[in-house]
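Have a look at the structure below, then the notes.
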Amino acid sequence: MIFYLFVFLFSNSSFSQETVDYRGNKIVFRIDSSLVSIYGKAEAIYGNLHVWAETLNYYLEDKFLDARGEVRFLDGNNDIRAKRMTYYIEREIGIAYKAKTEIEKGWFYGEKIRYLKGKVLKISNGYYTTCEFDPPHYWFYSPNMRVNIDEDLVAEPVILLVRGIPLFFLPFWFHPLKKERSSGIITPSFGSSSYEGKYIEDIGWYQTLGPHADAIISMDYYTKMGIKGHLSTRWKLFPYGDGTLSGSYIKERESGKERWSLKVNNRSRLPGNINLNIYSDIASDNEYFSDYEIGEVEKLIRDFSYGGNIKAVILGFSVYGIVEHRENVRTGLLREKWPSINITFPYINFGILNLRGSSKYIRDESKHWGAGIQGGANIGFNFFVFNLNVGSRAFNDYYEREDVSITHWSSNFSIKTRLYGLSIFGIGPISKFRHVITPSISASYAPEPDSFVVEPFSGFSRPVGKKSLGLSLNNLFQCKIGENKYDFASLSLNTSYQPKNDRFSLISLTGNLWIGRYFRQRYSTSYNLYSEEFGDKFVTTDFKYRTSFEDKPLEITLTHRVKFTTDERIQQADLGIRLNITPKWGVNIKTHYDFEMRRITSSRIALTRDLHCWELGMSYNTFGDNWDYNIRLELKKLPEVKLERGTLRTLLP
C-alpha cells in the first residue's frame, strides 16, 4: 500500500505547505492525537531525510519520528542503523539505540547514539572497528565518544580489545575524519637506545597552511641527551614549484654539545621555461644522523652540501648554472662550483650534417677559474648495407691560474653493417635458427698537443694525442618455435689498435646464454693476443621461477657468481624464496653464501600473517656476526595504527 499525506502547517500566522511521503503495508491516521502509524516495511521521506523501519510513528504537531525494529536512518551521506530511533525533524536531533554507522573505513557501534544538529554524534558505551564481521575480531571501546562527522573523533578513555580481551589502554584518543588534510596532534612513539636512553619521540602538532602547504612542530625527549626540537614544512604551489624544509636542534645534556641539522629542497618553475632549484643538506657533525637514527651501527660517511642550480632555454640556447659547496666532514675533502655555467648552443641540421656547440665557465674551491668553448660537426648516412658516421670536435680552453689558452681538436669515423644467416634445418620443436652479425670499425685521431702544465677543472678534458682503430663484432643467435622468435645466445668481441705502440689492446669478450624462460648465464673475460692468455673470467648464472599452487604464489630466485683468476676462484651465491605457505601465512627468505668463507654471510627471513583486519610482520636479519629482528602489527585500513619493536623497545631485547 502506498499513501501520500500532505501536512499543512501554520507558523507566525502565515501559511506554508510541506510534503511528507509515507509508505508501508498498513497506515493508520489518528486525527485526535495527530499521529500517523505505519506498520510493515514502513518508510518516510522528508527532504534529505529517509527512514525505514518495521514500525514508524510520526507525531504531526511535534514533527517527531519514533521508529522501531531494524531501523535505517539516512540523512544525506550519513547512514545509521539501529533497533530503535527517535528524531525531531525540525530540530534535527535524535537518539538511536543499539545503533551503528559507517565512518572513515570502519564502523561505530553504540548502546546509545545521540544525533545532534551540525552532524555531531555523541556515542555512549560505543566502539569502533574496521572489521566487518559481527561480532568483530577487535574493537576500540570507549564509554564516551564525540564524532564530528567529516571532521574528527574524540574518545576518552580508549581500550583495545581483541576477541573480547583488553590489550591496550589510552586515556584519550583524537583522530581526524576529514578526507582532506587537517591539523592535529601527532601520535608519539616510545623506545630506548644505548646512545639516547629511553625516549619519547614525535611529541608535536601537525598544522595545515592552506590547501598547498603544511608544517610539523615537534620535540623528542631522551633521558640521556635531553630535548631535541624539530621543525619541518612542505609546500606545493602548482605550477610554480614545490619544496621541503626540515631542521632539528639539541643541546645534549651529558656532553653539552649543540648539535643540529638543516635540509632544504626547493624546486621553482618560473615564467619563460626557467627551473630554479635550491638545496641544503648540512649538520653540525658527521655522526649526527647515525646517533639519532634507530638501528644505525656504523657511522655514516656523508657529504654536507648546499647550493642551487638553474636551467633555462633562451632563444634556443640551453643554460645550466650551478652554485655548490660540498664537503666530506670526515676526510675534509672540499669541492666547490662557485659558480659553474654551461651553455649549449642550438643544434643546426643540414640534411645529414649536424652541427653543435657549447661553452662553459667554472670557478672551483681553489678560487681560480677556467672557461672554454667547443664545437662539433657530424655526418651520418647509409650507403648500401653500411651505416657511416664521420665527426669532428674542436676545443678552446683558458686556464686563469696558469694564464694559458689551449686549443685542440679530434675526429672520428665509424662504419657498421648487419648480416643475417638463416638455417635450412631445425631441431625438434625449433623450426629455424638465425645468426645476426653486427661488425663495426671505428677510427679516432687527435694531434699531439703542445707541452703545457695545467690543473684541469671538473668538466675540462686534458688534451692528449690519439690515434686508434676500434674493432667490434656482435653476434646474436635466435631460434623460432612456432610463430615466436627467441634469443638464446649472444657473443660480443671488442678491441682497439694503437698505431703509436703498434699494439692491440686486450680483446674484451662478453656473452649471454638463455635457457628457456628461467635460466640466464652471463660470461665476460679478456684475451691478450701477445701472451695468448685469458684474463680474469666472470660467470654469472641467474635462475628465476614463478608459479602458483592452489592460488598460492611461489617465486624462487638464485644467482651464482664465480670469478676465476690465475691464483684463486671466488664464488658467491644469493637465494631468494617468496611464497604463501597457507592463504594467510607468507614467507620471504633471502640469503647470501660465500663459498670461500664456507658460510652464510647475510640472511633475512620475514614472515607475514594475514589477521583479516590486521597484518603481523616478523623479520630476522643477520650480517656477519651481527643480528637484528623486528616485529610489526599493523591495522590494514588504518596503517598509522601499528605496534612495532621500537614501541616495545623497553620490553624487548
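The values are calculated or read from the model by the stated rules, or taken from the named source; none is laboratory data. Bear in mind the structure is a predicted one, so any value in this text is a computation, not a measurement. Methodologically, a virtual Cβ is constructed for each residue, glycine included, from the backbone with ideal geometry; neighbour enumeration extends over all protein chains shown.
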Exactly one of K263, K236 is closer than 30 Å to V313 by Cβ, free of Cβ contacts under 8 Å to residues at least 60 places away in the same chain, in contact with an Asp or Glu (Cβ under 6 Å, 6 or more places away or on another chain) and buried (at least 16 other Cβ atoms within 10 Å of the Cβ), and that one is K263
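Looking for whichever is within 30 Å of D202 (Cβ to Cβ), in a loop (DSSP other than H, G, I, E, B) and modelled with pLDDT under 90 here; the options are G332, G295, G272. Which one fits? Steps first, answer last, please.
Details: G332 fails: within 30 Å of D202 (Cβ to Cβ); G272 fails: within 30 Å of D202 (Cβ to Cβ).
None of the others qualify; the one that does is G295.
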Kindly check whether there is at least one residue in the range 449-460 that is in contact with a Gly (Cβ under 7 Å, 6 or more places away or on another chain), under 30 Å from N389 (Cβ atoms) and free of Cβ contacts under 8 Å to residues at least 60 places away in the same chain. yes
Considering only the range 15-93, give the strands (runs of 3 or more DSSP E) lying wholly within it that have at least 2 residues that are under 25 Å from W107 (Cα atoms), free of Cβ contacts under 8 Å to residues at least 24 places away in the same chain and of a type in the set (D, E). 64-75
Considering only the range 23-36, I want to know if a residue exists there that is buried (at least 17 other Cβ atoms within 10 Å of the Cβ), within 23 Å of A99 (Cβ to Cβ), in the same structural domain as K100 (by TED's automatic domain parsing) and in contact with a Gly (Cβ under 7 Å, 6 or more places away or on another chain). yes
For the range 492-516, which residues satisfy the criterion of being free of Cβ contacts under 8 Å to residues at least 24 places away in the same chain and surrounded by fewer than 16 Cβ atoms within 10 Å (Cβ to Cβ)? N501, D502, G516
If I ask for residues that are in contact with a Leu (Cβ under 7 Å, 6 or more places away or on another chain), more than 20 Å from G76 (Cα to Cα) and assigned to a loop (DSSP other than H, G, I, E, B), which ones from the range 109-163 would you list? T130, P157
Looking at the range 606-616, can you tell me whether even one residue there is over 26 Å from the mean Cα position of the chain (by Cα) and not assigned by TED's automatic domain parsing to the domain that holds W139? no
Go through (1) in contact (Cβ under 8 Å) with a residue 40 or more places away in the chain; (2) more than 30 Å from G372 (Cα to Cα); (3) among the aromatic types (F, W, Y) and name the single condition Y486 misses. (1)
Which members of the range 444-482 meet the condition of being closer than 27 Å to K500 by Cβ, at pLDDT 90 or above and among the β-branched types (V, I, T)? none
What's the number of the condition I159 fails, among (1) surrounded by 14 or more Cβ atoms within 10 Å (Cβ to Cβ); (2) closer than 30 Å to N57 by Cα; (3) not aromatic (F, W, Y)? (2)
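Yes/no per residue for (1) surrounded by 16 or more Cβ atoms within 10 Å (Cβ to Cβ); (2) over 25 Å from F64 (Cα atoms); (3) not assigned by TED's automatic domain parsing to the domain that holds E43:
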site	(1), (2), (3)
E92	no, no, no
Y109	yes, no, no
G118	no, no, no
K122	yes, no, no
C131	yes, yes, no
Y138	yes, yes, no
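Sort through E402, E327 and tell me the only one that's charged (D, E, K, R), assigned to a strand (DSSP E or B) and either touching a residue at least 24 places away in the same chain (Cβ under 8 Å) or surrounded by 14 or more Cβ atoms within 10 Å (Cβ to Cβ) (or both). Please lay out each step first, then the result.
Working: E402 fails: assigned to a strand (DSSP E or B).
That would be E327, the only listed residue that is charged (D, E, K, R), assigned to a strand (DSSP E or B) and either touching a residue at least 24 places away in the same chain (Cβ under 8 Å) or surrounded by 14 or more Cβ atoms within 10 Å (Cβ to Cβ) (or both).
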Can you confirm whether the range 444-451 contains a residue that is surrounded by 14 or more Cβ atoms within 10 Å (Cβ to Cβ), assigned to a strand (DSSP E or B) and within 44 Å of the chain's Cα centre (by Cα)? no
Only one of Q521, Q571 that is at pLDDT below 95, surrounded by 14 or more Cβ atoms within 10 Å (Cβ to Cβ) and under 41 Å from the mean Cα position of the chain (by Cα): Q571
Looking only at strands (runs of 3 or more DSSP E) that lie completely in the range 347-390, which have at least 3 residues being closer than 29 Å to R418 by Cα and out of contact with any Pro (no Cβ under 8 Å at 6 or more places or on another chain)? 353-364, 369-383
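Residue-wise test of (1) surrounded by 15 or more Cβ atoms within 10 Å (Cβ to Cβ); (2) charged (D, E, K, R).
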site: K367; (1), (2): no, yes
site: G391; (1), (2): yes, no
site: F425; (1), (2): no, no
site: F433; (1), (2): yes, no
Select, from K466, K480, the only residue that is basic (K, R), more than 15 Å from H408 (Cβ to Cβ) and touching a residue at least 12 places away in the same chain (Cβ under 8 Å). K480
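Among the listed residues T591, T622, T647, identify the single one that is at pLDDT below 85, more than 30 Å from I186 (Cα to Cα) and surrounded by 15 or more Cβ atoms within 10 Å (Cβ to Cβ). Lay out the reasoning, then the answer.
Details: T591 fails: at pLDDT below 85; T647 fails: more than 30 Å from I186 (Cα to Cα).
After applying the criteria, what remains is T622.
Going by the conditions given, is T608 surrounded by 13 or more Cβ atoms within 10 Å (Cβ to Cβ), modelled with pLDDT of 90 or more and hydroxyl-bearing (S, T, Y)?
On the way: surrounded by 13 or more Cβ atoms within 10 Å (Cβ to Cβ): yes; modelled with pLDDT of 90 or more: yes; hydroxyl-bearing (S, T, Y): yes.
It is true that T608 is surrounded by 13 or more Cβ atoms within 10 Å (Cβ to Cβ), modelled with pLDDT of 90 or more and hydroxyl-bearing (S, T, Y).
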Verdict on N144 being farther than 18 Å from L635 by Cβ and touching a Phe, Trp or Tyr at 6+ places or on another chain (Cβ under 9 Å): no
Sort out which residues of the range 405-427 are outside any strand (DSSP E or B) and within 47 Å of the chain's Cα centre (by Cα), and write them in order of number. R418
Taking the condition β-branched (V, I, T) and within 30 Å of P271 (Cα to Cα), does T233 pass? yes
Select from the range 171-208 the residues that are within 22 Å of I149 (Cα to Cα) and hydrophobic (A, V, I, L, M, F, W, C) and write down the one among them that is modelled with the lowest pLDDT. L177
